[in-house]
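Data first, discussion second: the structure below is written as structure tokens.
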Amino acid sequence: ARQYARTSLSSRTNQQVVIEDDPDSTSVKLTIELPGVKATDIDLVLNDGVLSLTATKQIITKAVRKKYRIERTFSLDTASVDASKPIEANLSRGVLTVTIFKVAKAPPIKITVTENEEAAAHPSIHEEDVIDVDAPAAQEKEATTDDK
């Protein structure tokens with residue numbers, strides 16, 4: 001399953017964010033376009049299930065000197081994040097890729113129910129209160145009319 005989002009901070013800073021979270025995959029991958037941003041200008045923090053990205057970008061020309069600040073947050077399902085594995089972040093040619101590993105899902109477990117013979121005769125159930133479910137409907141009707 002893929003989700004796409006586009007954020008425009010100005011005409012010069014456009015980022016495309018791609019989130020890949022396949023239920024059968026062992027990780028969630030975020031790909032964020034950050035053209036002109038250096039790895040040293042990126043701050044990534046995971047706190048209480050929120051991944052925060054802060055990046056700064058400087059544009060310096062003869063006529064203009066501008067500094068842009070990019071901030072994005074991503075909510076994560078903390079129960080599915082594998083805290084034992086490090087989060088990987090790599091910047092290559094203006095594209096930041098963040099890989100967050102997920103906890104492996106446990107397969108369903110079939111549970112067998114056993115019956116303890118001694119506990120089967122519950123003391124609060126009296127013999128006269130028990131209705132034979134295999135008995136014909138006429139016998140059940142007689143049992144209910146006798147109570148009246």
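The values are calculated or read from the model by the stated rules, or taken from the named source; none is laboratory data. Predicted model, so just to flag it, every value in this text is computed and none were measured. No Cβ is skipped: glycine too gets one built from the backbone with ideal geometry, and neighbour counts run over all protein chains shown. What goes into the accessible areas is simple: the full protein's heavy atoms, side chains included, and nothing from ligands, DNA or RNA. Shrake-Rupley method; radii C 1.70, N 1.55, O 1.52, S 1.80 Å.
Summary table
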read-out	value
Counted residues, the range 46-70 - those being surrounded by 12 or more Cβ atoms within 10 Å (Cβ to Cβ), assigned to a strand (DSSP E or B) and not hydroxyl-bearing (S, T, Y)	10
Selection count where residues are among the hydroxyl-bearing types (S, T, Y), surrounded by 14 or more Cβ atoms within 10 Å (Cβ to Cβ) and closer than 15 Å to G94 by Cα, scope the range 26-45	1
Residues that are modelled with pLDDT under 90 and in a strand (DSSP E or B), drawn from the range 75-95	S75, V81
Selection count where residues are in contact (Cβ under 8 Å) with a residue 40 or more places away in the chain and under 27 Å from the mean Cα position of the chain (by Cα), scope the range 26-44	11
V113 being over 17 Å from D21 (Cβ atoms), of a type in the set (V, I, T) and in a strand (DSSP E or B)	no
Pair list, Cβ < 7 Å and 6+ apart or interchain, from the range 51-69 residues that are without any contact (Cβ under 8 Å) to a residue 12 or more places away in the chain and charged (D, E, K, R) to residues that are open to solvent by 100 Å² or more (accessible area, probe 1.4 Å) and part of a strand (DSSP E or B)	K67/Q58
